[in-house]
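The values are calculated or read from the model by the stated rules, or taken from the named source; none is laboratory data. Nothing here was measured: the structure is a model prediction, and the numbers come from that model. As a convention, Cβ positions derive from the backbone with ideal geometry for all residues, glycine included, and neighbour counts pool all protein chains shown.
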Amino acid sequence: MKWTLRTWEEQLVAGLDRLLGFPRERKRFYKAHGYPLNLKEPTSFNEKICWKKIYDRDPLVPVIADKYRVRDYVREVLGEAEANSILIPLLAVADKPEDLDISVLPDQFVVKSNHGSGNNLLVFDKSKFDFQAFIKEANTWLKAPYGIRNHEWAYSHIDRKIMVEQLLLEQSGSIPSDYKFCMIHGECAFIKVDKSRFNNFTSTLYDSSWNKLKVDWRRPQDDYSPAPQQLEKMLEIARALSKKLDFIRVDYYVLGDHFYLGELTNYPVRGRGKFNPTEFDFEMGRRWVLPGANGGE
């Protein structure tokens with residue numbers, strides 16, 4: 001890849017932070033949670049997320065972080081037919097945005113990079129889509145060394161691409177709710193339901209039996225919502241996809257009686273997602289046994 005000034009700056013900041021014992025990471029963690037980050041003997045859920053992104057070198061982790069290659073992993077685990085029933089239809093993929101043929105795409109779609117978070121664009125009307133402006137933005141995505149500053153190792157081992165997927169919309173035309181299954185050692189520890197992400201964003205936590213938890217995670221809670229019709233099937237698939245991993249978050253979109261796999265997430269909120277009460281952070285941490293020895297301090 002071509003090394004830009006920003007790339008070198010990112011590498012330098014991350015390298016210095018590592019060399020000095022992660023003072024930058026520790027500062028951000030303390031600001032988020034109000035207690036110090038312990039990488040040598042992590043005990044809370046968020047400490048273990050930080051340990052995982054800094055020290056875990058499981059070769060499966062970058063595969064799962066890659067929004068393109070993870071599709072093959074899902075097919076390998078679930079089988080072709082079941083995987084295809086829940087994977088969001090892939091409309092196009094290219095190494096460069098210039099190589100996309102917009103003329104063959106439907107009127108609505110999603111474009112994203114495969115190697116990071118937040119690098120996406122929802123297109124509701126192709127006739128108003130500025131392709132040249134998109135090319136410039138997408139090339140910025142591809143040049144960005146996502147994850148370096150925050151020590152998210154997995155992202156640096158992904159061959160960067162631009163993907164186009166079908167845009168999922170409810171009958172009202174709104175974006176569907178996001179159901180995030182946090183899996184620890186192959187079992188569901190809790191489920192976070194994100195609603196109205198672009199207007200009055202709420203996050204509500206449930207256990208695997210769909211009991212609402214009195215726990216806030218970064219955003220206000222919504223009122224109680226009924227369990228999705230396919231909850232047991234969603235749990236079954238999440239268990240299968242997380243079987244080889246100590247932790248993973250399995251994200252779904254639900255549309256009526258059907259659900260789609262959004263992505264698999266290794267490092268939720270980079271380990272800075274504050275729980276209230278804080279005890280829930282440590283309760284979830286006690287359920288998670290990290291691979292190998294304790295941290296690398």
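Within region 112-134, track down each residue that is of a type in the set (A, V, I, L, M, F, W, C) and touching a residue at least 12 places away in the same chain (Cβ under 8 Å).
121, 122, 123, 124, 129, 131, 134
From the list 26, 71, the one residue that fits, being surrounded by 13 or more Cβ atoms within 10 Å (Cβ to Cβ), under 21 Å from residue 285 (Cβ atoms) and free of Cβ contacts under 8 Å to residues at least 24 places away in the same chain, is 26. All conditions but one from (1) surrounded by 14 or more Cβ atoms within 10 Å (Cβ to Cβ); (2) β-branched (Val, Ile, Thr); (3) out of contact with any helix residue (DSSP H, G or I) (no Cβ under 7 Å at 6 or more places or on another chain) apply to residue 64; the one that does not is (3). What about residue 171, is it over 17 Å from the mean Cα position of the chain (by Cα) and under 15 Å from residue 263 (Cβ atoms)? No, not satisfied. Against the list (1) more than 18 Å from residue 38 (Cα to Cα); (2) part of a helix (DSSP H, G or I), the condition residue 244 fails is (2). Filtering region 255-284 to residues that are in a loop (DSSP other than H, G, I, E, B) and either closer than 25 Å to residue 51 by Cα or touching a helix residue (DSSP H, G or I) at 6+ places or on another chain (Cβ under 6 Å) (or both) leaves 266, 267, 272, 273, 274, 277, 278. Here residue 46 clears all of (1) surrounded by fewer than 17 Cβ atoms within 10 Å (Cβ to Cβ); (2) in contact with a Lys or Arg (Cβ under 8 Å, 6 or more places away or on another chain); (3) part of a helix (DSSP H, G or I) except the condition numbered (1).
Does region 66-74 include one or more residues that are hydroxyl-bearing (Ser, Thr, Tyr), closer than 25 Å to residue 175 by Cβ and in a strand (DSSP E or B)? There is no residue in region 66-74 that is hydroxyl-bearing (Ser, Thr, Tyr), closer than 25 Å to residue 175 by Cβ and in a strand (DSSP E or B). The residue that is surrounded by the fewest Cβ atoms within 10 Å (Cβ to Cβ), counting only those in region 256-295 that are modelled with pLDDT of 95 or more and aliphatic (A, V, I, L, M), is 289. Taken across region 131-142, residues that are out of contact with any strand residue (DSSP E or B) (no Cβ under 6 Å at 6 or more places or on another chain), surrounded by fewer than 13 Cβ atoms within 10 Å (Cβ to Cβ), of a type in the set (Lys, Arg) and under 30 Å from residue 173 (Cβ atoms) do occur, with at least one present.
Look at region 149-190 and say how many of its residues are of a type in the set (Val, Ile, Thr), buried (at least 20 other Cβ atoms within 10 Å of the Cβ) and assigned to a loop (DSSP other than H, G, I, E, B). Before the answer, list the steps.
Looking only at region 149-190, we keep the residues that are of a type in the set (Val, Ile, Thr), and these are 158, 162, 164, 175, 184.
With buried (at least 20 other Cβ atoms within 10 Å of the Cβ) added as a condition, the list becomes 158, 162, 164, 184.
Next cut, assigned to a loop (DSSP other than H, G, I, E, B) only: 158.
Qualifying residue count for the region: 1.
Taken over region 75-88, the criterion of being without any contact (Cβ under 8 Å) to a residue 60 or more places away in the chain and assigned to a loop (DSSP other than H, G, I, E, B) is satisfied by 79 alone.
Number of residues in region 201-242 that are aliphatic (A, V, I, L, M) and modelled with pLDDT under 95: the value is 0. Among the residues of region 83-107, the ones that are surrounded by 16 or more Cβ atoms within 10 Å (Cβ to Cβ) and either in contact with a helix residue (DSSP H, G or I) (Cβ under 9 Å, 6 or more places away or on another chain) or modelled with pLDDT under 95 (or both) come to 8 in all.
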